[in-house]
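Notes to accompany the following structure.
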Number of protein chains: 2
Amino acid sequence: MKRRVTLHDVAARAGVSAATVSRVLTGTHRVSAETQARVRKAAEAMDYVVNAQARSLVGSSSGLVAVLITDITAPFYNRIARGLAEQVGAENRVCILSAPQTGGLEGELATITTLRQQSPEAIVLVGGVHESPDYRKRIGALARSLDAEGSRLVLCGRPAPTKGLPATVVEYDGEAGAFAITSHLLSAGHERILFLGGGQGSTTTKPRVTGYRRALEEYGIAPDPKLVAHGHSTRDFGYEEVNRILDAGSPDFTAVFASDDLAASGALASLREHGTRVPNDISVVGFDDIPVAVDTVPALTTVHVPLEEIGRTAIQLALHRHEPEFRNAQHAVLGTHIKVRDSVRPLVRRRP
Amino acid sequence: MKRRVTLHDVAARAGVSAATVSRVLTGTHRVSAETQARVRKAAEAMDYVVNAQARSLVGSSSGLVAVLITDITAPFYNRIARGLAEQVGAENRVCILSAPQTGGLEGELATITTLRQQSPEAIVLVGGVHESPDYRKRIGALARSLDAEGSRLVLCGRPAPTKGLPATVVEYDGEAGAFAITSHLLSAGHERILFLGGGQGSTTTKPRVTGYRRALEEYGIAPDPKLVAHGHSTRDFGYEEVNRILDAGSPDFTAVFASDDLAASGALASLREHGTRVPNDISVVGFDDIPVAVDTVPALTTVHVPLEEIGRTAIQLALHRHEPEFRNAQHAVLGTHIKVRDSVRPLVRRRP
């Protein structure tokens with residue numbers, strides 16, 4: 001193996017100080033574009049790899065933001081991740097994503113332990129969770145210990161487990177979205193509405209069920225527990241659950257509120273295979289507004305969640321948390337709104 | 001800030017040597033499950049973060065595999081990435097993903113420079129590329145310099161830029177897939193077939209066009225350059241290009257071969273909006289077999305690419321490259337096959 005090129009070799013070649021090379025390559029301070037280009041060119045020509053020791057000697061931070069994402073193929077997650085990655089890039093840091101090595105809280109914490117070895121400036125957890133007392137305690141401890149190290153815990157599309165934690169939290173208003181889309185069905189005359197999908201007790205599903213129930217109650221309709229089918233946020237769950245219902249006889253609902261667009265796409269496929277027309281026979285709405293919602297036939301009326309904006313906002317708040325503008329704005333809740341497409345048919349006109 | 005817990009503190013608490021703690025936390029050597037659990041528990045209880053210096057003192061490798069992915073929201077990429085991440089986990093390493101900071105070769109190389117700071121055991125580049133002489137030269141230099149450091153360049157869904165590089169390459173047979181699906185259309189009587197989408201000259205698109213042309217020629221049909229519409233592998237491109245064609249008058253083709261399922265889904269939407277029935281009026285096929293292919297109406301006949309298997313195979317070959325079984329098997333080409341669904345109508349029966 002050849003001798004490793006040092007920071008000073010690159011500095012000499014680029015005609016700048018070693019500190020400048022470090023600033024450029026770790027991306028943590030502002031350096032002119034021209035100098036940046038010169039240093040990068042010298043570093044590449046010399047095949048220079050920054051080593052962690054050199055970095056710590058000049059006292060700069062790692063320039064890394066670590067993101068933990070459960071399933072990279074799920075559009076809900078990967079669109080938040082794209083927003084995160086874009087903003088991390090705009091802030092001159094580098095985004096590293098990792099999937100938990102195994103499922104559940106233990107898997108998430110084990111992966112976090114590994115990510116912390118890279119000394120990230122922030123660790124971002126993406127998406128909902130089943131909050132247990134153990135989860136609350138351990139995430140709280142994590143937030144405090146990252147804070148003590150000068151790093152930051154960021155929760156993205158996930159509520160704060162307890163009040164007063166040193167963490168950046170960016171949520172979206174799932175309950176308002178569920179209330180709005182259920183009201184949309186109710187105002188179209190649908191009173192028997194199946195709630196389909198989402199794990200019972202997950203922080204993603206709970207506000208969606210709450211909004212659904214609250215809308216029914218505002219219309220003077222007692223929620224029927226037989227019309228709530230909890231399961232998973234997957235196409236397979238939506239498909240199989242609606243298959244099960246239709247195979248057992250005539251459905252006793254006129255509309256389906258799928259708690260996510262994937263479950264809605266599965267429900268649409270099952271309805272089509274059973275010869276049930278959407279929206280003529282049954283109306284279907286979803287949640288999230290991921291790309292599949294425009295490719296289903298009919299195109300899906302759903303709740304738009306600003307997934308990429310959630311990601312961008314989280315990074316902005318976390319990295320600028322010491323600035324006056326952001327210091328007291330470390331918990332944001334972004335709005336949601338209905339996207340009306342072609343999957344709802346009015347039954348009768350009715351007002352609450 | 002509190003005093004940082006050291007490797008030796010964790011070792012004392014777990015009742016093992018410092019070297020064992022290091023082996024467990026960097027995940028690079030085999031340690032019994034029981035000892036692993038004990039060390040991890042102690043490390044978590046003491047909130048221990050491995051630092052790079054301690055790691056280098058005990059001489060173990062980083063345990064990291066770095067993956068570079070252009071667009072995490074594109075199913076073609078993120079399904080390969082899921083296969084990569086799964087196999088990295090199965091090999092007791094940690095997968096870190098990163099998107100290029102800016103587009104093109106410069107962006108890719110700049111991100112690679114940053115990822116190399118983490119001393120990954122391998123750097124994986126995912127998906128096709130426009131190969132230029134400059135690209136070939138610089139990727140070749142990268143492969144050799146990673147090799148000199150004991151790391152490995154891995155190309156996944158991308159061909160080797162030159163022969164004899166010290167790199168692991170896992171491709172899929174795009175040309176055979178394109179030949180098979182074009183032949184499927186030809187044997188159904190379609191002779192005027194629009195090729196839609198894919199950047200001209202990209203390593204992803206080139207074999208698809210070649211397979212399309214070769215099938216036409218085997219049927220004795222001269223490929224018509226007016227029927228090749230290059231563009232992007234996106235839904236928007238498929239939608240807008242077919243809009244443009246249909247708005248200009250009657251199409252002079254009976255079938256569309258979209259070079260990827262996203263472009264196919266856009267084409268289907270445009271055809272539907274123009275009142276053109278698929279497959280009754282025009283047949284449509286895609287490529288890749290990503291999830292949207294089952295949610296379009298009609299469901300899309302397409303070419304299945306084993307995306308997750310490409311990812312898993314690449315990691316297996318790269319991390320075991322010194323073992324006799326894999327030493328001379330560092331270039332793999334995985335097969336593709338047609339997935340017949342509902343988007344093709346036979347015009348007439350015909351044999352070549």
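The values are calculated or read from the model by the stated rules, or taken from the named source; none is laboratory data. The shown structure was predicted, so the numbers you read here are calculated from the model rather than taken from an experiment. Note that each Cβ is placed from the backbone with ideal geometry, even for glycine, and that neighbours are counted across all protein chains shown. Ligands, DNA and RNA are excluded from the accessible area calculation, which covers all protein heavy atoms including side chains. Shrake-Rupley method; radii C 1.70, N 1.55, O 1.52, S 1.80 Å.
What length, rounded to one decimal in nm, is gained on full extension from residue A:222 through to residue A:17, with 0.36 nm per residue of separation minus their alpha-carbon distance? Mind dumping the intermediate values first?
Details: separation 205, 0.36 × 205 = 73.80 nm, distance 7.18 nm.
That pair, residue A:222 and residue A:17, stretches by 66.6 nm at full extension.
At 7 angstrom along the Cα-to-beta-carbon line, where would the label on residue A:150 sit relative to the other copies? Give the distances in nm, shortest first.
Result, one decimal in nm: 2.9.
How far apart, in nanometres, would the label points at residue B:34 and residue A:134 be if each is projected 7 angstrom from Cα along the Cα-to-Cβ direction?
Label at residue B:34, label at residue A:134, 2.2 nm between them.
7 Å along Cα→Cβ for the label point: how many nanometres lie between residue A:163 and each equivalent label in the other copies, listed shortest first?
Result for residue A:163, in nm, nearest copy first: 7.2.
So, taking all protein chains as they sit and a 1.4 Å probe, how much accessible area belongs to residue B:315, in Å² rounded to tens?
About 0 Å², ignoring ligands and nucleic acids.
Cα axis of helix A:261-273 to longest principal axis of chain A: angle in degrees, 0 to 90, nearest 10?
For A:261-273 against chain A, the angle is about 40 degrees.
Quick one: accessible surface of residue A:206, probe radius 1.4 Å, all protein chains present, in square angstrom to the nearest 10.
Ignoring ligands and nucleic acids, residue A:206 comes out at about 110 Å².
Give me a comma-separated list of calculated 3J(HN,Hα) values for the stretch A:62-75, in order, Karplus coefficients 6.51, -1.76, 1.60 applied at θ = phi - 60°, integers in Hz, x for any Gly or Pro.
So the J values, rounded to whole Hz, are 5, x, 10, 10, 9, 10, 10, 10, 5, 9, 5, 8, 7, x.
For the stretch B:263-298, which residues drop by 50 square angstrom or more in accessible area between the chain on its own and all protein chains together (1.4 Å probe)?
At a threshold of 50 Å² (probe 1.4 Å), the residues of the stretch B:263-298 that become less exposed are B:295, B:297.
Cα axis of helix B:235-247 to longest principal axis of chain B: angle in degrees, 0 to 90, nearest 10?
10
How big is the A/B interface in buried accessible area, both sides summed, 1.4 Å probe, to the nearest 100 Å²? Could you put the intermediate results ahead of the total?
Details: alone 16820 and 16820 Å², together 29250 Å².
For chain A against chain B, roughly 4400 Å² becomes buried.
Got a sec? What order do B:261, B:252 fall in by accessible area at 1.4 Å, biggest, i.e. largest, first? Can you show the working numbers first?
On the way: B:261 0, B:252 80 Å².
I get B:252, B:261, largest accessible area first.
Compare A:205, B:162 by solvent-accessible area with a 1.4 Å probe and give them largest first, with all protein chains kept in place.
Accessible-area ranking of A:205, B:162, largest first: B:162, A:205.
Starting from the Cα of residue A:334, step 7 Å toward the Cβ, then list every residue of the stretch A:273-295 with an amide N under 20 Å from that point.
A:286-294
Could you pull out the pairs from A:206/B:339; B:137/B:226; B:226/B:339; A:339/B:226 whose alpha carbons sit more than 31 Å apart here?
Numbers: A:206/B:339 38 Å; B:137/B:226 34 Å; B:226/B:339 27 Å; A:339/B:226 38 Å.
Over 31 Å Cα-Cα: A:206/B:339; B:137/B:226; A:339/B:226.
Percent of accessible area on the stretch A:55-212 owned by carbon and sulfur, 1.4 Å probe?
Details: 2470 of 4850 Å².
Solvent-exposed carbon and sulfur of the stretch A:55-212 make up 51 percent of the total.
Which value in deg cm²/dmol, rounded to the nearest 500, describes the helix-derived mean residue ellipticity at 222 nm for chain A, given -39,500 (n - 2.57) per DSSP H run of n ≥ 4 and division by the residue count?
Details: 14 runs with 156 residues, N = 352.
Value at 222 nm, helices only: -13500 deg cm²/dmol.
Send over a whole-number figure in Å² for the accessible area per residue of chain A, probe 1.4 Å. Write out the running numbers ahead of the final one.
On the way: 14620 Å² over 352 residues.
So chain A comes to 42 Å² accessible per residue, rounded to a whole number.
With everything on Cα atoms, drop me the angle between helix B:307-319 and the longest principal axis of chain B, reported from 0 to 90° to the nearest 10.
It is inclined by approximately 40 degrees.
Using just the C-alpha positions of the stretch B:135-226 as equal point scatterers, what log10 of I(q)/I(0) does the Debye formula give at each q in 0.11, 0.22 1/Å?
-0.44, -1.01
Distances from residue B:220 to the same position in the other copies: list them in nm, one decimal, shortest first, using label points 7 Å from Cα along Cα→Cβ.
Here the equivalent label points are 7.7 nm apart from this one.
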